[in-house]
Amino acid sequence: MTKLDEVLAATRSEGRAALVGYLPVGFPSREGCLRAVRTMVEAGCDIVEVGLPYTDPLMDGPVIQTAATQALEQGVHVSDVFAAVREVSDAGGAAVVMTYWNPVLRHGVREFAQDLAAAGGSGLITPDLVPDEGADWIEVADELGLAKIFLVAPSSTPARIAATTNVTSGFVYAASVMGVTGARTSVGEAAKGLVEKVRATTDLPVCVGLGVASGEQAREIGQYADGVIVGSALVKCLLDVDLDEGLERLAEKTRELAAGVRG
Amino acid sequence: MSEKQVRPSGEGLAPAGLGRFGAYGGRYVPEALVAALEELDEHRLAAMEDEAFTTELAELQRSYTGRPSILTEVPRFAEHCGGARIFLKREDLNHTGSHKINNVLGQTLLARRMGKTRVIAETGAGQHGVATATAAALMGLECVVYMGKVDTERQALNVARMQLLGAKVVPVEHGSQTLKDAVNEAFRDWVANVEHTHYVLGTVTGPYPFPEMVRDFHKVIGEEAREQILAETGRLPDAICACVGGGSNAMGIFHRFIGDEDVRLIGLEGGGEGVETGKHASRFTGEGSPGVLHGAYTYVIQDDEGQTVETHSVSAGLDYPSVGPEHSYLKDSGRAEYHPITDAEAMEAFKLLSQTEGILPAIESAHALAGAMKVGRELGPDGLVLVSLSGRGDKDVHTAGRWFGLIDEDEVVVAGDEEETQV
């Protein structure tokens with residue numbers, strides 16, 4: 001059982017959704033990122049998605065693209081991901097890594113999984129790796145007991161949802177809308193319907209992401225999902241601001257969202 | 001594989017090895033796009049079996065594009081190629097000025113068949129964007145073209161052409177601001193608008209079924225050329241030269257010859273300032289290694305941590321860090337060979353063809369011509385070389401004018417260079 005499984009079991013028994021916060025590593029700086037993930041955990045994030053910045057983030061909107069570019073320009077490395085994962089674990093949160101596939105492939109799928117496990121990480125979210133292409137990763141993850149967090153989308157057919165959840169572990173990542181990452185004023189009805197379709201195929205926790213920006217949205221989604229995933233709204237707190245002020249904003253936004261998932 | 005494909009089931013996961021050329025290819029995409037890729041695959045396979053569709057496409061190729069494109073022998077140019085006979089397959093004479101229209105007509109017909117009302121495209125040199133804008137106008141589809149900001153500057157004429165054709169051109173200001181970033185932005189648009197939008201991907205890269213589908217829409221180039229050169233010379237060429245950015249004109253002309261084992265298939269990549277300088281776009285001879293970019297497992301110019309490295313080429317159409325997966329397969333299997341051509345070599349060939357034959361080639365195609373000059377010298381007077389003249393050079397007059405100092409008010413702007421344009 002991973003730390004992720006423990007956290008999701010605990011929030012489920014508390015009768016609330018988990019708050020899952022995303023931050024790309026190396027942003028706003030290599031040092032600042034470590035303070036930021038600790039701030040997120042201390043202010044109420046149950047789970048932190050540590051992002052690995054990538055030159056070609058085709059699932060990301062402008063906010064995360066900007067953060068990733070900033071991190072890359074400052075010379076972020078794959079090893080920084082494992083440092084951030086360790087920081088989240090030390091602060092008492094569950095850590096998963098979210099990354100495009102090529103950096104994992106280049107690092108070596110097995111090596112990446114081993115380094116992640118050694119750092120105390122619980123698993124991997126793979127936005128551009130569908131299970132159809134993920135045989136190597138699935139094999140290694142099963143061997144090491146890491147969570148294989150695949151995505152489902154509003155466009156996924158029931159048969160694909162069933163096939164995907166069948167090889168997923170940890171939680172199912174339900175993309176709330178058809179589109180890239182970025183805050184939206186409304187997440188819409190598609191998310192709720194998608195969660196229902198997922199639940200028809202699996203008992204795994206289902207977390208909803210894409211577009212969530214406010215405590216009110218977190219509350220709404222928390223009523224039907226096991227977790228609420230927030231990325232751009234948190235990243236934005238740290239853009240174009242000095243670190244201390246950014247961390248204050250980040251703590252405040254995290255507290256708002258944490259209150260949201262507690263209804 | 002490559003001829004016979006296992007169809008995706010449309011349900012559950014795809015069969016193992018879907019869309020693979022050896023180890024290369026596949027479908028590395030967000031789950032949100034899988035349904036659209038399966039819809040596209042089902043429709044294109046059905047369309048290829050549907051006589052109404054194939055007849056309509058063939059008729060457009062004849063009466064709109066101007067196919068078959070002619071074969072031109074270029075004896076004065078050949079004097080600089082060791083005396084080998086050189087024939088050009090004149091895709092530059094197609095409507096819109098390049099081979100790109102072949103694929104675009106096929107895909108926009110498919111878009112209409114799928115009930116899509118909007119098409120989007122990425123473009124580097126602008127030729128694919130112009131072709132897509134043209135077909136969208138012809139078929140009454142809304143059209144948005146994504147183009148790296150650097151490319152909109154070095155291909156300003158094509159931006160205006162697309163706008164005149166009724167398309168919206170969106171300059172992409174992220175990353176290196178060139179073709180790869182335009183592809184990223186097109187994918188982002190597609191994910192959000194997939195219900196009514198078709199992404200007319202312009203080359204043999206991307207997730208399955210694009211590499212195979214785009215090749216199939218271009219294979220007419222090689223089918224025609226094979227018949228034409230047999231009719232003209234009574235034999236098959238010793239070598240075929242084609243430039244390779246993503247590699248669509250090359251796959252189009254190579255495909256029919258793959259079984260002709262004595263015909264050398266030669267792909268010419270953007271060598272930039274020279275592979276040894278690090279400023280190039282040569283996936284096969286530079287730092288390229290197998291990886292995933294834009295939905296396919298293929299050769300990618302990347303660093304030790306899997307980050308894409310910026311490329312450099314005087315040719316916007318070759319300035320791309322990845323390459324079609326079928327080329328990666330042909331490279332590894334040894335069936336095709338790939339060589340870099342420097343900016344200087346390409347521009348020399350550009351000038352030479354212009355001044356010996358009165359044909360202004362696209363700078364992309366000039367790389368193929370430079371390759372033919374080298375292979376012609378290897379072969380000598382008995383040699384016979386077929387060159388894919390994939391596009392015409394009208395769009396490059398400004399770049400070439402600056403290169404040769406005919407227009408001296410500003411510098412040649414190459415993606416990623418520090419020099420500023422002084423207007």
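The values are calculated or read from the model by the stated rules, or taken from the named source; none is laboratory data. It should be emphasised that the depicted structure is a prediction, and the values quoted were computed from it without experimental measurement. Cβ coordinates were reconstructed from backbone atoms using ideal geometry, including for glycine residues, and neighbour counts include every protein chain displayed. When the accessible area is computed, the model is the full protein with side chains, heavy atoms only, and any ligands, DNA or RNA have been set aside. Shrake-Rupley method; radii C 1.70, N 1.55, O 1.52, S 1.80 Å.
Numbers below:
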{"quantity": "Condition check for B:GLU51: more than 30 Å from B:ALA370 (Cβ to Cβ), more than 12 Å from chain A (Cβ to nearest Cβ) and either open to solvent by 30 Å² or more (accessible area, probe 1.4 Å) or modelled with pLDDT of 95 or more (or both)", "calculated": "yes"}
{"quantity": "Residue in the stretch A:127-155 that is farthest from the other protein chains (Cβ to nearest Cβ), counting only those that are of a type in the set (Gly, Ala, Ser) and out of contact with any strand residue (DSSP E or B) (no Cβ under 6 Å at 6 or more places or on another chain)", "calculated": "A:GLY145"}
{"quantity": "Out of A:GLY21, A:GLY26, A:GLY32, sole residue that is in a strand (DSSP E or B), within 24 Å of A:THR181 (Cβ to Cβ) and not hydrophobic (A, V, I, L, M, F, W, C)", "calculated": "A:GLY21"}
{"quantity": "Total residues in the stretch B:266-282, condition outside any loop (DSSP other than H, G, I, E, B), open to solvent by 30 Å² or more (accessible area, probe 1.4 Å) and touching a residue at least 40 places away in the same chain (Cβ under 8 Å)", "calculated": "1"}
{"quantity": "Residue ID - surrounded by the most Cβ atoms within 10 Å (Cβ to Cβ), chosen from residues in the stretch A:48-95 that are more than 10 Å from chain B (Cβ to nearest Cβ) and of a type in the set (D, E, K, R)", "calculated": "A:GLU49"}
{"quantity": "Selected residue (criterion: farthest from the other protein chains (Cβ to nearest Cβ)) from residues of the stretch A:104-121 that are closer than 15 Å to A:GLU49 by Cβ and of a type outside the set (A, V, I, L, M)", "calculated": "A:GLY120"}
{"quantity": "Helices (runs of 4 or more DSSP H) (entirely within the stretch A:162-263) containing at least 3 residues that are open to solvent by 10 Å² or more (accessible area, probe 1.4 Å) and free of Cβ contacts under 8 Å to residues at least 60 places away in the same chain", "calculated": "A:189-199, A:215-222, A:243-261"}
{"quantity": "Count of residues meeting criterion [in contact with an Asp or Glu (Cβ under 8 Å, 6 or more places away or on another chain) and facing another protein chain (nearest Cβ under 8 Å)] in the stretch B:17-33", "calculated": "6"}
{"quantity": "Checking B:ARG112 against (1) modelled with pLDDT of 95 or more; (2) under 17 Å from the mean Cα position of the chain (by Cα), the condition it does not meet", "calculated": "(2)"}
{"quantity": "For B:GLY17: the one exception among (1) part of a loop (DSSP other than H, G, I, E, B); (2) without any contact (Cβ under 8 Å) to a residue 60 or more places away in the chain; (3) open to solvent by less than 20 Å² (accessible area, probe 1.4 Å)", "calculated": "(3)"}
{"quantity": "Of the criteria (1) open to solvent by less than 10 Å² (accessible area, probe 1.4 Å); (2) at the interface with chain B (Cβ under 9 Å from one of its Cβ atoms), which one A:LEU124 fails", "calculated": "(2)"}
{"quantity": "Among the residues listed as B:GLU173, B:GLU153, the single one being in contact with a Lys or Arg (Cβ under 7 Å, 6 or more places away or on another chain), among the acidic types (Asp, Glu) and in contact (Cβ under 8 Å) with a residue 12 or more places away in the chain", "calculated": "B:GLU173"}
{"quantity": "Tally, over the stretch B:8-37, of residues that are charged (D, E, K, R) and either on the phi > 0 side of the Ramachandran plot or modelled with pLDDT under 95 (or both)", "calculated": "1"}
{"quantity": "Failed criterion for B:MET162 (all others in (1) over 19 Å from the mean Cα position of the chain (by Cα); (2) more than 23 Å from A:GLU73 (Cβ to Cβ); (3) buried (at least 22 other Cβ atoms within 10 Å of the Cβ) hold)", "calculated": "(1)"}
{"quantity": "Residue within the stretch B:196-213 that is in a helix (DSSP H, G or I), open to solvent by 40 Å² or more (accessible area, probe 1.4 Å) and either touching a residue at least 24 places away in the same chain (Cβ under 8 Å) or assigned by TED's automatic domain parsing to the domain that holds B:THR311 (or both) present", "calculated": "no"}
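Per-residue answers, yes or no, for (1) out of contact with any strand residue (DSSP E or B) (no Cβ under 9 Å at 6 or more places or on another chain); (2) over 30 Å from B:HIS367 (Cα atoms):
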position	(1), (2)
B:GLY22	yes, no
B:ALA35	yes, yes
B:GLU51	yes, yes
B:GLU59	yes, yes
B:ARG62	yes, no
B:ALA84	no, no
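For every residue, the table says whether it meets (1) within 19 Å of the chain's Cα centre (by Cα); (2) open to solvent by 10 Å² or more (accessible area, probe 1.4 Å).
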site: B:ALA47; (1), (2): no, no
site: B:ARG67; (1), (2): yes, yes
site: B:PHE77; (1), (2): no, no
site: B:LEU88; (1), (2): yes, no
site: B:ASN94; (1), (2): yes, no
site: B:ILE101; (1), (2): yes, no
site: B:GLN127; (1), (2): yes, yes
